[in-house]
Amino acid sequence: MSDILMLVGLRVRDLRKQRGYSQEELAEKAGTHFSYIGGIERGQRNVTVKTLEKIAECLDVEVFEFFTNLHHDDEDAEKTELLHQITAILETFGVNGLVSARNILKELSKSQRPDEREGI
């Protein structure tokens, strides 16, 4: 998959989530299928400018905003993708599961970044 497709897809996902839309809601507004939106967000679809125009209109942004704040560093892009995957998993948890996940992450954080323990 193309780096630019992945980066634009991640930007579409970020903007969609900022607006509080599910993939299904955005797809309905843009007149497309939610699996197509998912493919764009994963960088698996070679999205057209016309489709980006429709999505931009639905998200109340200009098309150029899909190309701003892109992660140019592979490590940053990978980190962003991992955070999206972790967030998607956490969104399926109930309160007890989230408390457990938080506690596990706190313990993991102690061994990874001891200088930032107090901020958690």
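Results, tabulated for the structure shown:
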{"quantity": "Pairs with Cβ under 8 Å, 6+ apart, first in segment 95-120 and more than 16 Å from L83 (Cα to Cα), second at pLDDT below 85 and not in a loop (DSSP other than H, G, I, E, B)", "calculated": "K110/R117"}
{"quantity": "Unique match (being surrounded by 20 or more Cβ atoms within 10 Å (Cβ to Cβ), outside the structural domain of T87 (by TED's automatic domain parsing) and of a type in the set (A, V, I, L, M, F, W, C)) among I55, I4", "calculated": "I55"}
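The values are calculated or read from the model by the stated rules, or taken from the named source; none is laboratory data. Keep in mind the model is a prediction, meaning the values are calculated, not measured. Backbone-built Cβ (ideal geometry, glycine too); neighbour counts: all protein chains shown.
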